[in-house]
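Notes follow once the structure below has been shown.
The values are calculated or read from the model by the stated rules, or taken from the named source; none is laboratory data. As the structure is a computational prediction, the values presented were derived from the model and not from experiment. Glycine gets a Cβ as well: all are built from the backbone with ideal geometry, and neighbour counts include every protein chain shown.
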Amino acid sequence: MSLPAFATQARPLAGIPVSDLSTCRALIIDTNQTSRSILRAMLADLGLQTITQAAKINDARRALETQAYDVVLCDYHFDDSKMTGSDLLDDLRRAQLLPYSTVFVMITGEASYVKVAEAAESALDSYLLKPHTSNALAQRLHMARHRKVVLGSIFEAIEREEFSIAAELCLQRFANRGEYWVYAARIGGELLLRLGRHEEARKLFQAIDETKALPWARLGIARAQLDGGHALPARRTLESLLSENPTFADAYDVMGRAQLQAGSFDEAYETYQHAAEITPSSISRLQKVGMLAYYLGRNDEAARSLERATSLGVSSKMFDYQSLVMLAQIRFEQKDYKGVQRCLVNLQHAYEKQANSGRLRRMTGLVSVLALMLQRQVAEVVRLVKAMVADFEMPDFDFEAAGNMLGLLTRLRNNELELPDAELWVQKLASRFCISKPSTDLLAMSVSGFKAYGDLVHDAYKSIVDHAEKALEQARNSAPGAGVKTLLVHGSKTMNAKLLDLADMMLNRYRDQTKDAPILTEMVQEMRGKFCRGSAQVQLGANTGRQAGALNLRN
């Protein structure tokens with residue numbers, strides 16, 4: 001690929017000379033007032049004029065959610081929290097609250113290899129050991145900003161969303177072993193994964209691992225294998241990695257994802273639990289544990305984890321409001337009106353801030369129904385449920401919304417509200433979202449409180465499989481066009497992504513043998529554009545922010 005002229009040379013970010021820190025905004029995060037004062041004085045001596053201080057984790061989160069900082073100095077230990085600086089950094093990366101231009105320096109008295117390794121996994125810009133001098137801090141800051149400048153053309157390409165160009169720049173620096181080639185290679189691997197070039201990403205991470213034997217490189221190999229559809233090799237890679245690095249929390253996250261995709265929900269639960277134990281104040285991991293416990297019917301554990309995640313960060317961008325929906329359904333089963341109402345109030349506040357969010361609208365409506373049902377306002381419950389059913393065919397109505405709705409219908413049925421069309425609604429949702437055995441099993445868990453609904457879910461998946469097998473048999477019998485039409489007929493009726501994706505694959509394979517291929521292709525693509533937007537893989541909560549093991553690729 002030929003690269004534009006601007007991409008061949010590094011230059012200072014935002015025109016700031018490397019030696020000039022005077023225009024930088026800095027945030028100091030430390031529970032000790034004396035330490036904060038010392039750091040502030042050191043930064044002031046280096047010319048920084050805008051310096052903010054945060055004594056608590058939540059204060060730091062709020063500061064970073066509302067303001068961009070050029071420099072963040074963060075202590076590793078917090079006296080008032082089990083959360084460490086690494087935990088905070090991990091959550092900030094996941095929530096995409098740290099742009100590449102921000103220099104993040106961890107300050108600690110821990111000099112052991114484990115702590116230094118944790119810093120590397122978190123992709124820190126620098127790591128400063130106590131006690132330190134002003135000169136040591138200055139050196140770290142200037143070196144970190146120098147790296148931002150050297151790799152500036154890569155960051156600028158990412159900022160413009162020219163990911164292919166950024167990836168090529170990373171690969172060039174890796175091949176030439178240019179300055180900061182390992183870090184550039186890590187960015188390159190992330191870009192290749194985002195571009196869907198999974199095999200190239202795997203080879204790049206493999207080359208890094210062979211050269212440097214870095215845990216994050218081997219995790220990158222596993223992620224590339226998993227995203228490329230090679231789940232078993234990914235799990236073997238992860239098992240080897242975790243046997244050598246048993247405290248590598250991101251590796252447990254990726255293992256949990258692999259187990260979810262395989263339908264091994266009990267194993268995934270134990271894996272996510274272990275990751276949460278390693279980082280007990282990680283909002284995202286607490287939510288994963290709570291959500292999966294909810295599906296598995298372990299309501300006490302689900303409530304504990306989801307309540308803790310809510311208390312830690314309900315107002316944070318790191319918080320997933322699906323936690324409140326699940327928590328409300330648990331509180332409903334306990335006849336806890338105040339508990340349901342607390343969830344509803346939090347959702348209403350969030351919806352007020354994001355009035356265009358269909359997801360939050362559906363969540364708020366669902367929890368409103370639960371609150372009304374506990375007050376026995378049956379007529380209003382019936383009215384609202386019928387209004388919610390109108391969303392079933394919307395393109396943005398996804399697997400998560402289906403699971404929530406199935407859970408609601410089950411709880412209403414178990415509270416003696418027999419809606420005449422409830423079975424038809426369950427069948428409709430199942431027909432659309434039973435796209436694999438794991439997704440079917442998870443939906444069946446949503447209705448586990450009422451066997452008849454569970455039978456409908458499994459029957460719907462069996463019907464989808466039957467339609468798919470019939471179409472494949474037609475293709476094998478030299479009638480691929482008929483097979484595609486079979487898939488289109490049932491795909492348009494059910495809106496099932498499995499059938500529509502199979503129609504697309506069949507057209508690509510048998511295009512030359514398919515009459516009216518262009519017309520069929522147009523029909524398939526139109527329906528896939530509407531109903532195959534989401535991932536076909538099982539996941540917990542919204543797929544937002546940084547993936548486990550990944551670097552933040554958005555400024």
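Filtering the stretch 228-266 down to residues that are at pLDDT 90 or above and of a type in the set (D, E, K, R), which residue is surrounded by the most Cβ atoms within 10 Å (Cβ to Cβ)?
Arg257
Which of the residues that make up the stretch 285-330 are among the polar types (S, T, N, Q), crowded, with 24+ Cβ neighbours inside 10 Å and over 19 Å from Met363 (Cα atoms)?
The one that is among the polar types (S, T, N, Q), crowded, with 24+ Cβ neighbours inside 10 Å and over 19 Å from Met363 (Cα atoms): Ser305.
State the number of residues belonging to the stretch 297-355 that are assigned to a helix (DSSP H, G or I), modelled with pLDDT under 95 and among the small types (Gly, Ala, Ser).
Count: 4.
Go over the candidates Leu408, Leu419, Leu384 one by one and state the one that is within 21 Å of Gly297 (Cβ to Cβ) and aliphatic (A, V, I, L, M). Please lay out each step first, then the result.
Numbers: Leu419 fails: within 21 Å of Gly297 (Cβ to Cβ); Leu384 fails: within 21 Å of Gly297 (Cβ to Cβ).
Checking each option against the conditions leaves just Leu408.
Quick check on my filter: what residues within the stretch 344-393 are among the β-branched types (Val, Ile, Thr) and over 25 Å from Pro420 (Cβ atoms)? I'd like the intermediate steps shown before the answer.
Just the residues of the stretch 344-393 that are among the β-branched types (Val, Ile, Thr), to begin with: 345, 364, 367, 369, 378, 381-382, 385, 389.
Across the stretch 344-393, the qualifying residues are Val345, Thr364.
Residues Leu193, Leu137, Leu141, Leu169: which one is of a type outside the set (S, T, N, Q), in contact with a Cys (Cβ under 9 Å, 6 or more places away or on another chain) and modelled with pLDDT of 85 or more?
On the way: Leu193 fails: in contact with a Cys (Cβ under 9 Å, 6 or more places away or on another chain); Leu137 fails: in contact with a Cys (Cβ under 9 Å, 6 or more places away or on another chain); Leu169 fails: in contact with a Cys (Cβ under 9 Å, 6 or more places away or on another chain).
The conditions single out Leu141.
Just name the residue that is farthest from Leu241 (Cα to Cα) out of those in the stretch 202-212 that are buried (at least 18 other Cβ atoms within 10 Å of the Cβ) and free of Cβ contacts under 8 Å to residues at least 24 places away in the same chain.
Phe205
State all residues of the stretch 159-182 that are crowded, with 19+ Cβ neighbours inside 10 Å, touching a residue at least 40 places away in the same chain (Cβ under 8 Å) and within 21 Å of Arg202 (Cβ to Cβ); if no residue qualifies, say none.
Passing the criteria: Glu168, Leu169.
Could you check, for the stretch 214-228, whether at least one of its residues is closer than 28 Å to Val254 by Cα and among the basic types (Lys, Arg)? Spell out the reasoning first.
The initial filter retains those residues of the stretch 214-228 that are closer than 28 Å to Val254 by Cα, namely 214-228.
Filter once more, so that each one left must be among the basic types (Lys, Arg): 218, 223.
Yes, the stretch 214-228 contains at least one residue that is closer than 28 Å to Val254 by Cα and among the basic types (Lys, Arg).
The conditions are (1) under 22 Å from Leu540 (Cβ atoms); (2) of a type outside the set (D, E, K, R); (3) in contact with a Lys or Arg (Cβ under 8 Å, 6 or more places away or on another chain), and Gly407 fails exactly one of them. Which is it?
Gly407 satisfies every listed condition except (3).
Results for (1) assigned to a helix (DSSP H, G or I); (2) among the hydrophobic types (A, V, I, L, M, F, W, C), shown as yes or no for each residue.
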position: Arg218; (1), (2): yes, no
position: Leu226; (1), (2): yes, yes
position: Gly229; (1), (2): no, no
position: Arg236; (1), (2): yes, no
position: Pro246; (1), (2): no, no
position: Tyr252; (1), (2): yes, no
position: Tyr272; (1), (2): yes, no
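When you scan the stretch 364-475 for helices (runs of 4 or more DSSP H) that lie fully inside it, which ones turn up with 1 or more residues that are free of Cβ contacts under 8 Å to residues at least 12 places away in the same chain and either over 25 Å from the mean Cα position of the chain (by Cα) or closer than 17 Å to Ala497 by Cα (or both)?
378-389, 422-433
Within the stretch 506-522, can you find the residues that are surrounded by 13 or more Cβ atoms within 10 Å (Cβ to Cβ) and not polar (S, T, N, Q)?
Met506, Leu507, Tyr510, Arg511, Ala517, Leu520
Counting only residues that are buried (at least 17 other Cβ atoms within 10 Å of the Cβ) and either in a loop (DSSP other than H, G, I, E, B) or out of contact with any helix residue (DSSP H, G or I) (no Cβ under 8 Å at 6 or more places or on another chain) (or both), how many does the stretch 274-284 have?
Summing the residues that are buried (at least 17 other Cβ atoms within 10 Å of the Cβ) and either in a loop (DSSP other than H, G, I, E, B) or out of contact with any helix residue (DSSP H, G or I) (no Cβ under 8 Å at 6 or more places or on another chain) (or both) in the stretch 274-284 gives 3.
Could you please find all residues in the stretch 47-62 being surrounded by 18 or more Cβ atoms within 10 Å (Cβ to Cβ) and over 20 Å from Gly313 (Cα atoms)?
Leu48, Ile51
Just a yes or no: is a residue in the stretch 392-405 within 21 Å of Gly365 (Cα to Cα), touching a Phe, Trp or Tyr at 6+ places or on another chain (Cβ under 6 Å) and among the aliphatic types (A, V, I, L, M)?
Taking every residue of the stretch 392-405 in turn, at least one turns out to be within 21 Å of Gly365 (Cα to Cα), touching a Phe, Trp or Tyr at 6+ places or on another chain (Cβ under 6 Å) and among the aliphatic types (A, V, I, L, M).
Quick one: Ala293 ticks every box in (1) under 20 Å from the mean Cα position of the chain (by Cα); (2) within 28 Å of Ala60 (Cα to Cα); (3) without any contact (Cβ under 8 Å) to a residue 40 or more places away in the chain bar one, so which box is it?
For Ala293, the failing item is (2).
What are the residue pairs meeting all of these: first residue in the stretch 49-60, first residue part of a helix (DSSP H, G or I), second residue small (Gly, Ala, Ser), Cβ atoms under 8 Å, and 6 or more apart or on different chains?
Ile57/Ser81; Ile57/Ser281; Asn58/Gly313; Asn58/Ser316; Ala60/Ala54
Do we find that Val149 is farther than 30 Å from Asp320 by Cα, surrounded by fewer than 21 Cβ atoms within 10 Å (Cβ to Cβ) and at pLDDT below 85 in this structure?
For Val149, the condition - farther than 30 Å from Asp320 by Cα, surrounded by fewer than 21 Cβ atoms within 10 Å (Cβ to Cβ) and at pLDDT below 85 - is met.
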